[in-house]
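The values are calculated or read from the model by the stated rules, or taken from the named source; none is laboratory data. In this text the structure is predicted, and so the values were computed from the model without any measurement. A quick note on method: Cβ atoms are made from the backbone with ideal geometry, for glycine too, and the neighbour counts reach across all protein chains shown. Ligands, DNA and RNA are excluded from the accessible area calculation, which covers all protein heavy atoms including side chains. Shrake-Rupley method; radii C 1.70, N 1.55, O 1.52, S 1.80 Å.
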Amino acid sequence: MKLHDLSPVPGSKKEKIRKGRGAGARRGEKTGSGTKGQKKRFKVPVYFEGGQTPLYRRLPKRGFTPLQRGPQTEVINVRSLNKFDDGETIDPRRLEEAGLISSTEHVKLLGDGSLEVSLTIEVHAASESAVQKVEDCDGTVKIISSTDTGS
Amino acid sequence: MADIKQIDDSELSFCNEVEMNEPLIHQAVVAFEANKRADVASVRNRARVAGRNKKPWRQKGTGRSRHGSRISPLWVGGGRAHGPTGEQDHSQRLTRKMKRKALLSALGVRAREDVFFELAEVELDEPSTATLHEVFDDADLVDENILLLTDGQDRLLELSVRNLPYCRLLKVDLLSTYHVVANSALVLAGEALEQLKARFE
């Protein structure tokens with residue numbers, strides 16, 4: 001065996017087709033692209049109008065992209081919680097059912113007013129005074145993560 | 001004194017039953033040659049050719065064909081369109097398994113062609129090209145392209161051999177498929193055969 005005795009897998013090497021070499025050749029003129037000229041060379045965008053100001057530039061711009069907002073915080077004060085029973089567990093879903101909030105996305109408990117019942121409260125955030133007031137009534141405040149909306 | 005003899009088939013049992021895989025050997029050889037390739041070809045495009053880019057004559061009325069630049073690729077002395085840059089990468093890679101299989105297959109083919117020799121009992125006190133030439137002459141190998149594979153231990157042998165025009169020198173652990181195919185005789189010295197076998201255990 002010598003170097004020149006070796007050959008690759010039969011059929012694995014193909015000679016490149018030389019397109020566009022003369023009008024008489026089978027792959028002359030349109031070279032398999034179906035047409036001549038600009039459309040033979042590359043894709044012309046459908047919105048291109050031959051150089052005339054195209055529709056999308058002839059008409060004025062309108063509209064805008066609305067601001068992307070983060071989660072909206074719902075606020076609830078401890079004074080609204082007196083309607084619940086002693087010992088009850090309150091989560092955002094429960095608050096929504098009671099009609100105190102309209103979104104369970106992000107709920108913060110604040111300390112306005114006074115609290116008379118002992119509750120276990122699950123919210124996304126709570127103020128210090130709110131926590132104080134809940135604990136004064138032998139209740140607890142549990143902070144849950146923002147994706148959690150309660151059972 | 002030193003002596004060259006054919007390596008016995010039983011010594012080459014690790015490869016001489018291996019079936020020939022011609023396409024794979026071919027690929028390994030082509031890859032080896034491609035990896036040796038220094039990309040020397042380099043050419044100036046129209047931006048690199050010396051000359052100013054002035055319009056040679058006016059567009060209309062001269063009776064000559066329109067032209068915009070004398071360094072255009074259409075002109076003699078103009079730049080080359082899409083020419084080699086000298087920065088192309090021609091290297092090819094084979095997976096470890098492919099390399100191994102190609103080498104083993106090539107060794108098998110050459111083993112069946114009886115091109116493996118053993119150089120034994122070399123005892124040199126100083127480098128001596130004449131002595132080694134005599135050894136190869138006795139073995140009728142001087143008209144061949146010999147590849148001497150060493151274990152890298154015998155410095156005196158390497159010095160004695162490297163000026164022989166018909167002989168090339170290579171440490172056995174650097175052996176690749178290309179070397180096996182490209183040389184007409186493979187002579188192993190010292191521990192080279194053991195080291196070669198160890199590669200395929």
Review point. For B:S10, are the conditions met, namely being part of a loop (DSSP other than H, G, I, E, B) and either modelled with pLDDT of 95 or more or open to solvent by less than 100 Å² (accessible area, probe 1.4 Å) (or both)?
Key: no
Review point. Is there a residue in segment B:28-51 that is farther than 20 Å from B:V76 by Cβ, part of a loop (DSSP other than H, G, I, E, B), within 14 Å of chain A (Cβ to nearest Cβ) and open to solvent by 80 Å² or more (accessible area, probe 1.4 Å)?
Key: no
Review point. Can you find even one residue in segment A:130-147 that is in contact with a helix residue (DSSP H, G or I) (Cβ under 7 Å, 6 or more places away or on another chain), modelled with pLDDT of 85 or more and charged (D, E, K, R)?
Key: yes
Revision key, fill the gap. Looking across segment B:166-201 at residues that are touching a Ser or Thr at 6+ places or on another chain (Cβ under 9 Å), open to solvent by less than 30 Å² (accessible area, probe 1.4 Å) and not in a strand (DSSP E or B), the single one that is nearest to the other protein chains (Cβ to nearest Cβ) is B:T177
Review point. Any idea which of A:P45, A:P8, A:P60 is in a loop (DSSP other than H, G, I, E, B), open to solvent by less than 70 Å² (accessible area, probe 1.4 Å), away from chain B (no Cβ under 14 Å) and of a type outside the set (G, A, S)?
Key: A:P45
**Study point:** Residue that is in contact with a Gly (Cβ under 9 Å, 6 or more places away or on another chain) and either open to solvent by 70 Å² or more (accessible area, probe 1.4 Å) or in contact (Cβ under 8 Å) with a residue 12 or more places away in the chain (or both), where the choices are A:K39, A:K19
**Key:** A:K19
Point to revise | Residues of segment A:105-125 classified as open to solvent by 20 Å² or more (accessible area, probe 1.4 Å), within 35 Å of the chain's Cα centre (by Cα) and closer than 18 Å to A:F84 by Cα, total | key: 4
